[in-house]
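The values are calculated or read from the model by the stated rules, or taken from the named source; none is laboratory data. This is a predicted model, so every value here is computed, not measured. Here the Cβ is made from the backbone with ideal geometry for all residues, glycine too, and neighbour counts use every protein chain on show.
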C-alpha cells in the first residue's frame with residue numbers, strides 16, 4: 001500500500017475569519033507539480049493580477065489558457081511537472 005501526502009492550506013476571509021483545509025494532491029509519484037508555470041504560459045494577454053481587499057488575485061482567461069496550455073503540452077507533455085517518474 002502506498003501512502004499519499006496531503007497538503008494543508010489556510011485561508012483568511014475579509015472578515016478575518018480563518019479556516020484550514022487539508023487537500024490530497026493528484027499523486028504524481030516521482031513528479032512535482034509546476035502549475036506556477038501557468039503564469040508564464042499565459043503572459044499579459046491571458047492573465048490579470050490585482051488585489052481584492054487584502055488578497056492578491058489572479059484572473060485567468062480560460063479560453064486563452066486552454067489554447068496556450070495545450071500548445072505547451074504538445075511541445076512538452078511534462079511542461080507542468082518536474083521529475084523523472
How many residues of the range 68-85 are more than 17 Å from the chain's Cα centre (by Cα) and either at pLDDT 90 or above or within 26 Å of residue 11 (Cβ to Cβ) (or both)? The answer is 4
Reported set for the range 8-25 where residues are surrounded by fewer than 10 Cβ atoms within 10 Å (Cβ to Cβ) and either out of contact with any strand residue (DSSP E or B) (no Cβ under 8 Å at 6 or more places or on another chain) or at pLDDT below 80 (or both) is 14, 15, 16, 17, 24
Checking 34, 58, 48 in turn, the sole residue that is in contact with a helix residue (DSSP H, G or I) (Cβ under 8 Å, 6 or more places away or on another chain) and surrounded by 11 or more Cβ atoms within 10 Å (Cβ to Cβ) turns out to be 58
